Amino acid sequence: MTPAGQAASQAARGQVSSRFIRQEAALAASDPRHAKLIAQRFSLLRTRILREMRNRGWTRLAVVPVTAGAGGSFVAVKLALALARQPHTKVTLIDLDLGSPGIAAQLGIAGCAPVSAALRDGGDLDALVCQVKEAPNLAVLAPRAGRARGGRAFAGRGAGPGHAAAARQPPAEIAVIDTAGLLGEDAALAALPLADALLLVADGRRGTAGHMAECERLLVGMPPVMGVVLNKSED
């Protein structure tokens, strides 16, 4: 791609429209009772998290699914939107499940190029960030596709610059970081030190006490856990 083409591509990525938010608005019109219930739950979660993070001076929250498929991306998106609805709260939603990113698909937007190289080399991530048209306070860094062994971007000699880049950019009052599943691979563990605090997402249908016990063992020495969201717990 020519420099002019690159500039045009970056300009086009400046703002995106979210199919998910439009569908949520349509659902609220067709089933207002259910939509209100879900909105209330995430509003309550938002209020508790925002108060605690501001009291402690924290700015980065990792949403960590206990197992793959627990719904971490759904919770991360809903929480980020709830936070961004606060008039004076700027939010950046960052997909760091580099092997299997899900934020772009969940939001219904065109994802950006893979961030593995930028994380590994300490590159500037600003060019990959887009603003969401329907949520003016929300910026998103969401790769459109994964890279095999994406967790390697956090490991080895390049980890220092990669950690610094992810922690520093893009600027936001609150960064919500979506990670890979904690159990079964090391990608999530490698990303967790970037966060100030963690929010676990457990599968309400398939999760077990054994899963939670293993999480407790793995999270020793990691940022504090603010709570556990029991997802998929109702039909």
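The values are calculated or read from the model by the stated rules, or taken from the named source; none is laboratory data. It should be emphasised that the depicted structure is a prediction, and the values quoted were computed from it without experimental measurement. Don't worry about glycine lacking a Cβ; one is built from the backbone with ideal geometry, like all the others, and counts go over all protein chains shown.
Would it be correct to say that VAL16 is under 14 Å from the mean Cα position of the chain (by Cα), of a type in the set (A, V, I, L, M) and buried (at least 18 other Cβ atoms within 10 Å of the Cβ)? Spelling it out, it is not the case that VAL16 is under 14 Å from the mean Cα position of the chain (by Cα), of a type in the set (A, V, I, L, M) and buried (at least 18 other Cβ atoms within 10 Å of the Cβ). Against the list (1) assigned to a helix (DSSP H, G or I); (2) at positive phi, the condition ALA29 fails is (2).
Applying the criterion of at least 3 residues that are of a type in the set (A, V, I, L, M) to the strands (runs of 3 or more DSSP E) found wholly in segment 36-137 leaves 60-65, 91-95.
Just to be sure before I move on: is ARG85 surrounded by fewer than 24 Cβ atoms within 10 Å (Cβ to Cβ), more than 23 Å from GLY204 (Cβ to Cβ) and without any contact (Cβ under 8 Å) to a residue 60 or more places away in the chain in the structure I sent? Quick ask: steps written out before the conclusion?
Details: surrounded by fewer than 24 Cβ atoms within 10 Å (Cβ to Cβ): yes; more than 23 Å from GLY204 (Cβ to Cβ): yes; without any contact (Cβ under 8 Å) to a residue 60 or more places away in the chain: yes.
So ARG85 fits the description; yes.
Taken as a whole, segment 207-228 holds at least one residue that is touching a strand residue (DSSP E or B) at 6+ places or on another chain (Cβ under 8 Å), over 21 Å from PHE74 (Cα atoms) and either at pLDDT below 80 or not hydrophobic (A, V, I, L, M, F, W, C) (or both). Note on segment 1-24: among residues that are in contact with a helix residue (DSSP H, G or I) (Cβ under 9 Å, 6 or more places away or on another chain) and of a type in the set (A, V, I, L, M, F, W, C), the one that is modelled with the lowest pLDDT is MET1.
If you go through segment 170-206 and keep only what is within 19 Å of LYS78 (Cα to Cα), in a loop (DSSP other than H, G, I, E, B) and among the charged types (D, E, K, R), you end up with just GLU173.
Take the residues of segment 40-54 that are touching a residue at least 24 places away in the same chain (Cβ under 8 Å) and of a type in the set (A, V, I, L, M): which is surrounded by the most Cβ atoms within 10 Å (Cβ to Cβ)?
Keep residues of segment 40-54 that are touching a residue at least 24 places away in the same chain (Cβ under 8 Å), which gives 42-43, 45-46, 48-50, 52-53.
Filter once more, keeping what is of a type in the set (A, V, I, L, M): 45, 49-50, 53.
On the way: LEU45: 19, ILE49: 21, LEU50: 17, MET53: 19.
Within segment 40-54, the match that is surrounded by the most Cβ atoms within 10 Å (Cβ to Cβ) is ILE49.
All told, LEU79 meets the bar of being touching a helix residue (DSSP H, G or I) at 6+ places or on another chain (Cβ under 9 Å), within 18 Å of LYS232 (Cβ to Cβ) and buried (at least 19 other Cβ atoms within 10 Å of the Cβ). Tell me whether segment 47-58 contains one or more residues that are at pLDDT 90 or above, under 14 Å from the mean Cα position of the chain (by Cα) and not aromatic (Phe, Trp, Tyr). No, segment 47-58 contains no residue that is at pLDDT 90 or above, under 14 Å from the mean Cα position of the chain (by Cα) and not aromatic (Phe, Trp, Tyr).
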